[in-house]
Each structure stands twice: as C-alpha cells, then as structure tokens.
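To keep things clear, I will list the structure first and then write my remarks on it.
The values are calculated or read from the model by the stated rules, or taken from the named source; none is laboratory data. Nothing here was measured: the structure is a model prediction, and the numbers come from that model. Every residue, glycine among them, receives a Cβ derived from its backbone with ideal geometry; neighbour counts consider all protein chains shown. For the accessible areas, the whole protein counts, side chains as well, though only heavy atoms, and no ligand, DNA or RNA atoms are used. Shrake-Rupley method; radii C 1.70, N 1.55, O 1.52, S 1.80 Å.
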Amino acid sequence: MATPRVLQTNRLPASATAYLRAHAEVEVNESGDPLPPQELRRRAAAHDGVVCLLTDRFDAQLIGALPTGFKVIANVAVGYDNIDVAAASSRGIMVTNTPGVLTETTADLAWALLMAAARRLVEADRYVRAGRFRRWELMDFLGCDVHGATLGIIGMGRIGQAVARRARGFAMRLIYHNRRPLPAPLEQELAASYVPLETLLGEADFISLHVPLTPQTHHLIGMPELRRMKPTACLINTARGPVVDEAALVIALRDGCLGAAALDVYEREPALSPGLAELPQTVLLPHLGSASRRTRERMARMAAENCVAALRGERPPNLVNPEAFRG
Ligand code: DGY
C-alpha cells in the first residue's frame with residue numbers, strides 16, 4: 001500500500017508531527033499563519049488527509065473540491081463548527097475532534113475569567129501599571145462576591161460539568177440549562193438544579209456558556225436574553241463567539257442591562273465588535289480556553305492519532321460522523 005499523504009495545516013507540538021511522520025508523508029505549513037482558502041484547497045488536493053485547526057474553514061465548496069478517496073479531516077479542537085460535517089459525510093470523508101483532553105483546562109479558564117470580572121482584576125492591574133496606586137482606598141475597585149453567589153451554566157456537557165464542580169469550593173448556588181436535564185444522581189453530585197433558560201437569566205449572578213455552536217445556539221444570547229439578566233450579572237463565554245450577539249452585548253453593557261462580560265471567543269474572531277474593547281467592564285482574552293502546554297500537546301497528539309487511524313482504514317477514536325466510516 002502506498003504511504004498515505006497528510007497535510008498539516010499549521011505548526012503543531014513536535015511529538016504530534018513526529019507521530020504523523022512515522023506513519024505518513026507529511027507536508028507542514030510552517031508559516032504560522034492559516035493557509036488562505038485557495039491555498040488550503042490547492043494543497044489539500046494533493047493529500048489523503050488533513051490535520052487542521054479551528055482557523056481552517058472546510059466549507060461545502062472546499063470539501064466538494066477534495067479528491068476522490070480523501071479520507072479524513074482531523075480537527076485539533078473539540079468544536080468543529082469550522083467544518084461542514086454534512087458535506088464531509090456526503091463525500092465519505094471522516095471528521096474527528098479532540099474531546100475530553102481539554103475539559104479541565106477550559107473549565108479552569110472559565111473560572112479565571114469569572115474571578116477576573118468579579119473582582120475587576122484587569123482594570124486594577126492597568127491602574128497599578130499606570131503608576132496610579134498612591135494609597136489604599138476603602139471604596140476603590142469594589143467588585144462582586146463570588147462565594148455564595150448564584151452560578152448559571154448554559155450547556156451541561158463535559159466542560160459545563162467541570163465548571164460546576166469547581167463552584168463547590170465557593171459555596172455557590174448552582175442552576176443550569178441544557179437541552180435535557182442531567183440524570184438525577186449527577187444533578188445531586190453537582191448540587192445543580194435544572195431551570196428554564198429565562199429563570200437562569202433572571203437569577204444568576206454569573207452566567208457561563210458551554211454550548212457548541214450550531215444553528216440552534218447561534219445568538220442564543222441576544223438582546224432579549226441580555227435584558228433579562230440582573231444589572232450586576234456577569235456573562236462568561238469560553239464556548240464560541242457567535243453564541244452571543246456581540247453588537248447587542250455592547251449595547252447592553254453600555255445601558256447597564258448587565259454588569260460585566262468576560263470573553264475568550266468572539267463573533268467574528270479575531271475581530272471585536274466596535275465598542276467592546278473600550279468598555280472597562282469587559283475582560284477579553286484571545287481564545288485561550290485550552291491553552292496549557294500539556295493540553296495543547298495532548299490535543300495535537302489526539303488529532304494525529306485520529307488521522308492515522310482513519311488513513312489505515314480503522315475507525316478513528318473520536319469520529320464525529322460515524323456515517324462516513326466505511327469499515
Ligand atoms: C476547542 O477545542 O474547540 C477550543 O475552542 C480550542 O481549544
């Protein structure tokens with residue numbers, strides 16, 4: 001059998017590239033920049049599979065242009081909204097992702113954002129760096145208590161649950177909304193109560209989003225939802241930017257409909273909606289959810305293993321579209 005050919009669309013930790021090289025002929029885009037769509041299409045056409053990042057868009061057009069026999073798109077991310085899975089399935093191309101390995105790291109970051117927004121860490125840090133800290137002031141930088149507050153989690157999958165577990169240490173009241181309630185023993189273990197979305201929006205002091213981006217979750221949080229929040233509430237988004245109507249969020253923050261927003265992801269990433277960066281009550285990160293060295297290494301290795309399994313004709317461990325597997 002001929003050695004399979006893999007396109008690695010960007011740099012990966014060395015161990016992942018080495019694994020790919022041990023099993024395939026590998027072309028690596030070493031530039032550090034995502035390949036422009038035309039270039040991605042041109043290069044992918046000469047390969048049997050691709051290991052890609054969430055910044056690579058595999059839309060129906062690009063997938064339609066892949067050669068017959070192209071086997072796998074292995075995404076180095078748990079989310080795969082950058083790939084038109086239906087188009088891939090219709091061409092028998094397997095799509096894989098990297099669930100599990102980034103759960104705890106992403107939950108850590110959601111908490112870092114929550115704490116930063118609650119206690120105004122970014123504003124205060126800027127103040128100190130600007131040389132403005134002259135003396136201790138009783139009424140400066142007053143924030144919100146995290147302990148004893150109500151945490152509302154929207155999306156109770158792996159990451160939502162990991163965020164929920166951390167709430168215990170802060171003696172928080174925990175409410176959540178999900179497509180369906182969790183099994184009762186799990187609810188009990190997490191001390192979490194299922195509530196309708198409207199209730200969650202009206203009662204939570206901190207609202208953390210953990211849903212995948214789908215047509216159903218696009219703009220799940222728009223102006224009507226923002227208006228339901230407490231004027232002191234803080235919205236945390238480590239999921240996907242388009243889950244929130246970002247233009248509405250800017251208006252709502254300006255109008256005082258909610259108190260703060262702590263965001264790791266953006267609607268038109270990496271661009272920010274006009275006005276967002278000027279608002280002092282925002283904490284803005286560059287999509288760092290899974291960005292610990294160990295987790296990113298594990299994600300890359302997992303994607304490489306998914307890719308190699310598919311090229312060998314095996315069912316990859318993290319197959320998103322089983323209908324594309326012709327075992
Ligand atoms: C993912 O995996 O989907 C994150 O957004 C990046 O880690």
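Being out of contact with any Lys or Arg (no Cβ under 6 Å at 6 or more places or on another chain), more than 18 Å from MET299 (Cβ to Cβ) and not basic (Lys, Arg) narrows it down to one residue among ALA14, ALA18, ALA22; which is it?
ALA22
Among the residues of segment 22-41, are any open to solvent by 50 Å² or more (accessible area, probe 1.4 Å), within 16 Å of the ligand (Cβ to nearest atom) and of a type outside the set (A, V, I, L, M)?
The answer is yes, given that some residue of segment 22-41 is open to solvent by 50 Å² or more (accessible area, probe 1.4 Å), within 16 Å of the ligand (Cβ to nearest atom) and of a type outside the set (A, V, I, L, M).
Check segment 55-69 and report whether any residue there is free of Cβ contacts under 8 Å to residues at least 40 places away in the same chain, open to solvent by 50 Å² or more (accessible area, probe 1.4 Å), within 15 Å of the ligand (Cβ to nearest atom) and within 23 Å of the chain's Cα centre (by Cα).
Checked against the condition, which is being free of Cβ contacts under 8 Å to residues at least 40 places away in the same chain, open to solvent by 50 Å² or more (accessible area, probe 1.4 Å), within 15 Å of the ligand (Cβ to nearest atom) and within 23 Å of the chain's Cα centre (by Cα), segment 55-69 yields at least one hit.
Would you check if there is a residue in segment 211-225 being in contact with a Ser or Thr (Cβ under 9 Å, 6 or more places away or on another chain), open to solvent by less than 60 Å² (accessible area, probe 1.4 Å) and not assigned by TED's automatic domain parsing to the domain that holds VAL85?
yes
With respect to HIS219, determine if the residue is in a loop (DSSP other than H, G, I, E, B), under 16 Å from the mean Cα position of the chain (by Cα) and away from the ligand (no atom under 16 Å from the Cβ).
yes
State which residue is least open to solvent (accessible area, probe 1.4 Å) when the search covers only segment 91-112 and only residues that are assigned by TED's automatic domain parsing to the domain that holds ALA239 and away from the ligand (no atom under 14 Å from the Cβ).
TRP111
Restricted to segment 234-252, and to residues that are of a type in the set (A, V, I, L, M, F, W, C) and touching a Ser or Thr at 6+ places or on another chain (Cβ under 7 Å), which residue is nearest to the ligand (Cβ to nearest atom)?
Among them, the one singled out is VAL243.
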